[in-house]
Amino acid sequence: MVDAFAWLRIAALVDAGQREQAVELLSTTMAISADEAARLVDGLSDAGGERRPD
């Protein structure tokens, strides 16, 4: 299971636009392929753009 710190770091990398580093960290942390990690990171990026106005 991925620890909370890793998820926070991955989210921060995605938010900062550092996709490749986020993919690498996610792939390594979860022991999944880079392609799978890239799809997950892209999903995080897409979800981050759908924020509701306050």
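Overview of values
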{"read-out": "Nearest-0.05 FRET efficiency for ARG9 and ASP46, computed from C-beta distance (R0 30 Å)", "value": "0.95"}
{"read-out": "Extension gain, ILE32 back to GLU20 (0.36 nm per residue minus Cα-Cα distance, nm)", "value": "2.9 nm"}
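Values in this text are rule-based calculations from the coordinates and carry no lab data. Everything quoted here is computed from the prediction, not taken from an experiment. FYI the Cβ positions are ideal-geometry reconstructions off the backbone, even for glycines, and counts take in every protein chain you see.
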